[in-house]
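See structure below.
The values are calculated or read from the model by the stated rules, or taken from the named source; none is laboratory data. Note that the structure is a prediction, hence the values are computed from the model and not measured. For neighbour counting, all protein chains shown are included, and Cβ atoms are generated from backbone atoms with ideal geometry for every residue, glycine included. Keep in mind that these areas ignore ligands, DNA and RNA; they rest on the heavy atoms of the full protein, side chains included. Shrake-Rupley method; radii C 1.70, N 1.55, O 1.52, S 1.80 Å.
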Amino acid sequence: MTGIMQLDRVESPESTRPRGHEVTIRGARKSYGRTDALGGVDLEIEAGKFMVLLGPSGSGKSTLIRGIAGIERFDSGSISFGSTPISDDRHHVPAERRDLSMVFQDYALWPHLTVQQNVAYALRRRHLGTAARRANVLETLERVGLSSKVDNYPSELSGGQQQRVALARALVGSPALLLFDEPLSNLDADLRERLRVEISTLTRDSGATALYITHDQAEAFALADEIGVLNGGQLEQLGTPEEIFRRPATRFVAQFTGLAGAFAGRLVGERAGLSRARVGDHELSCTAGPGASAGTRIDLLIRPTATSLVDRENPRLDAIPGVVVDVAYRGRGYEHVVETRYGRLASVFDPRSWSRGGECSIVIDPAGCVAFPATKHAIT
Ligand code: ADP
């Protein structure tokens, strides 16, 4: 069983131990041959906060979290927890002395141990009496809803139940830092949603600092106090979900966190604190992203939530005519794909279904519409 990290921690009395590590990463670099997995990342996580690192496959998420866990070492850069150096040129605190635990995508349970033995294993180096250890394990298993499975073996459990055991094993010793490596990726959609809520509440109840990596933007937005967006080993933006959504710092961040589409245009000025973009015959309000200034050619990146459908007869000057080319039922309403003369917009939500092939117009809310300098390449 490779990659398993069992929990140990620097012993200190409960009353004096801070609840969560304050994590500081400075200049983290790591290369594999010619690949720069991390190109100098700075990151700070406040004690007790839930940070999600979001990025596509190969962006360096695993390399960063494995460095923090102590499974791998950065080529250069430093990690400290509060004022304690954990890893730099002169220090390297081993994984089992970092007061952290990690939940993996593939659960990493011991197959020959029962559920309670798997969880108890995390407490093996604690000076606890048998009764106290057992009480702690059973109480934690109850918190994750597995009281009825304590004597089962992992092979007798579903994937979701196995991940709950892994979560209990991570929580049982009350570590100061919880690391999550795409823990929901192997689970079905409904289970993923339920376990996500449990990870969120149990982690926050524990008071630990959390770092969670994922390529799934919906998961990131649902879980995070703060999101860091990684791309090609660089941290492109760090901010609250609201900041990332409303003011993406780069085109990549905007694209990776969900767009309906993009229109090519030109910034023509400002009005009422918003930028104005000319797109064909239309003038639209928007937010200007970095590098987009009046007179420059831009791509207007449009969030799905910024789009709404109105009738063709709608007199608004900024309503853009279109034709519905696809409709998908989404429970609370319908998502439409709309072809306009400036390009196609997808995920256009409306509570009612607009018919395929029918005429419509689209109105775009400036709050979800950001202008970036135009690129020669195809957009979105
Ligand atoms: P992510 O977790 O975002 O998918 P990784 O941190 O796993 O990204 O990988 C970042 C880059 O480093 C990728 O290009 C990947 O192929 C490379 N990489 C990661 N681990 C190794 C390794 N052990 N050997 C060679 N290349 C690696």
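List of remarks:
- For GLU96, the stated conditions do not hold, so it cannot be described as of a type in the set (D, E, K, R), within 16 Å of the ligand (Cβ to nearest atom) and in contact (Cβ under 8 Å) with a residue 40 or more places away in the chain.
- Verdict on SER308 being closer than 25 Å to THR375 by Cα, of a type in the set (S, T, N, Q) and either touching a residue at least 60 places away in the same chain (Cβ under 8 Å) or open to solvent by less than 60 Å² (accessible area, probe 1.4 Å) (or both): no
- Candidates GLY233, GLY239, filtered to the one that is open to solvent by less than 10 Å² (accessible area, probe 1.4 Å), in the same structural domain as TYR32 (by TED's automatic domain parsing) and within 12 Å of the chain's Cα centre (by Cα): GLY239
- Close Cβ contacts (under 7 Å, 6 or more residues apart or on different chains) running from residues in the stretch 289-301 that are without any contact (Cβ under 8 Å) to a residue 60 or more places away in the chain to residues that are part of a strand (DSSP E or B) and surrounded by fewer than 22 Cβ atoms within 10 Å (Cβ to Cβ) comprise SER293/LEU267; ALA294/LEU267; ALA294/VAL268; ALA294/GLY269; GLY295/LEU267.
- Scanning the stretch 200-222 for residues that are touching a Pro at 6+ places or on another chain (Cβ under 7 Å) and surrounded by fewer than 24 Cβ atoms within 10 Å (Cβ to Cβ) yields a count of 2.
- Contacts under 8 angstrom Cβ, first residue in the stretch 186-202 being more than 16 Å from ASP106 (Cα to Cα) and free of Cβ contacts under 8 Å to residues at least 60 places away in the same chain, partner of a type in the set (Lys, Arg) and part of a helix (DSSP H, G or I), 6 or more apart: GLU198/ARG164; LEU202/ARG143
- Residues satisfying the stated conditions in the stretch 30-70, i.e. more than 11 Å from the ligand (Cβ to nearest atom), farther than 20 Å from ALA220 by Cβ and surrounded by 17 or more Cβ atoms within 10 Å (Cβ to Cβ): ALA47, GLY70
- Test for ALA120: is it farther than 23 Å from ASP216 by Cβ, outside any strand (DSSP E or B) and at pLDDT below 95: yes
- Residues located in the stretch 342-357, provided they are surrounded by 13 or more Cβ atoms within 10 Å (Cβ to Cβ) and part of a loop (DSSP other than H, G, I, E, B): TYR342, SER353, TRP354
- Applying the criterion of at least 1 residues that are at pLDDT 95 or above and acidic (Asp, Glu) to the strands (runs of 3 or more DSSP E) found wholly in the stretch 1-90 leaves 35-45.
- Helices (runs of 4 or more DSSP H) lying entirely in the stretch 177-267 (those with 2 or more residues that are within 16 Å of the ligand (Cβ to nearest atom)): 217-223, 251-256
- Among the numbered conditions (1) within 33 Å of the chain's Cα centre (by Cα); (2) within 25 Å of PHE252 (Cβ to Cβ), the only one that GLY295 does not meet is (1).
- ALA328 being out of contact with any Gly (no Cβ under 7 Å at 6 or more places or on another chain), more than 26 Å from GLU243 (Cβ to Cβ) and modelled with pLDDT of 95 or more: yes
- Options ASP88, ASP106, ASP99: the member that is at negative phi and touching a Lys or Arg at 6+ places or on another chain (Cβ under 9 Å): ASP88
- Scanning the stretch 146-183 for residues that are surrounded by fewer than 23 Cβ atoms within 10 Å (Cβ to Cβ) and under 14 Å from ASP205 (Cβ atoms) returns a single hit, SER174.
- Any hit, the stretch 110-132, residues being surrounded by fewer than 18 Cβ atoms within 10 Å (Cβ to Cβ), touching a Ser or Thr at 6+ places or on another chain (Cβ under 7 Å), assigned by TED's automatic domain parsing to the domain that holds ILE45 and more than 15 Å from ILE25 (Cβ to Cβ): yes
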